[in-house]
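I have placed the structure first, in the form of structure tokens, so that the comments after it can refer back to it.
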């Protein structure tokens, strides 16, 4: 069909979404709720599951439609990252309960993020500021996905924080320790390193002058 174009990332993302949809429950609490429909269970993604599937499928279809490059990149960016954000925020409080569909949707979002980077890389803007912005945005998206996958896998799989804390926990710990870190930097950098650098450089400078001016020292060198 003339309005379609090849996109293996989009096709694979659709396939992963369909497999996840066929498998059903995205978490253990949801599986328990489906197994006992008469019971009342609280489980993640109760209100956002359909939205996540819709975002990913829409972005995947956009990657295969003959849209303008900017529109395609924008749809891919929003769909992939919003779906990933919903996945991560939804599993909060249910760490370690994620099932296969959770990771399949994460992989689908990552593929669409990959496609977004590929589309942005194909742009050849005329304006210098746009080229500069793209040189910053493309690696930023790549780096963001490392953190997204790290966060989602550690929370979804329930990896103990003592073994591999998620980036959000690391960031929160750093933010909460800024006064201590500031004191350490002041002690290490300003009171030790800079002082040592000045003393060492000054001593070396004086030794060089002495070696140049004193014949005995010059002969020793």
Checklist entry - Residue check: is residue 57 crowded, with 17+ Cβ neighbours inside 10 Å and under 19 Å from residue 137 (Cα atoms)? => result no
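Quick test for you: out of 113, 79, 93, pick the one residue that is out of contact with any helix residue (DSSP H, G or I) (no Cβ under 7 Å at 6 or more places or on another chain) and either buried (at least 23 other Cβ atoms within 10 Å of the Cβ) or modelled with pLDDT under 95 (or both). Spell out how you get there, then give the answer.
Numbers: 113 fails: out of contact with any helix residue (DSSP H, G or I) (no Cβ under 7 Å at 6 or more places or on another chain); 79 fails: out of contact with any helix residue (DSSP H, G or I) (no Cβ under 7 Å at 6 or more places or on another chain).
Step by step, each of 113, 79, 93 is checked, and only 93 is out of contact with any helix residue (DSSP H, G or I) (no Cβ under 7 Å at 6 or more places or on another chain) and either buried (at least 23 other Cβ atoms within 10 Å of the Cβ) or modelled with pLDDT under 95 (or both).
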Item to check | helices (runs of 4 or more DSSP H) wholly inside the range 124-195 that include at least 2 residues being surrounded by 12 or more Cβ atoms within 10 Å (Cβ to Cβ) and under 14 Å from the mean Cα position of the chain (by Cα) | outcome: 128-156, 167-176
Checklist entry - If you check residue 20 against the conditions, is it modelled with pLDDT of 85 or more, over 20 Å from residue 158 (Cβ atoms), in contact with a helix residue (DSSP H, G or I) (Cβ under 8 Å, 6 or more places away or on another chain) and surrounded by 13 or more Cβ atoms within 10 Å (Cβ to Cβ)? => result no
Checklist outcome for this item: Here the qualifying pairs (Cβ atoms under 7 Å; residues six or more apart or on different chains; first in the range 122-136 and over 16 Å from residue 74 (Cα atoms); second part of a loop (DSSP other than H, G, I, E, B)) come out as 131/125
Checklist outcome for this item: Result of the Cβ filter at 7 Å on the range 50-68, keeping first residues that are within 19 Å of residue 123 (Cα to Cα) and partners that are crowded, with 22+ Cβ neighbours inside 10 Å and at pLDDT below 90, at least 6 apart or interchain, is 63/7; 64/7
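The values are calculated or read from the model by the stated rules, or taken from the named source; none is laboratory data. All values reported here derive from a predicted model rather than from experimental measurement. Here Cβ is always computed from backbone atoms with ideal geometry, including for glycine, and neighbour counts include all displayed protein chains.
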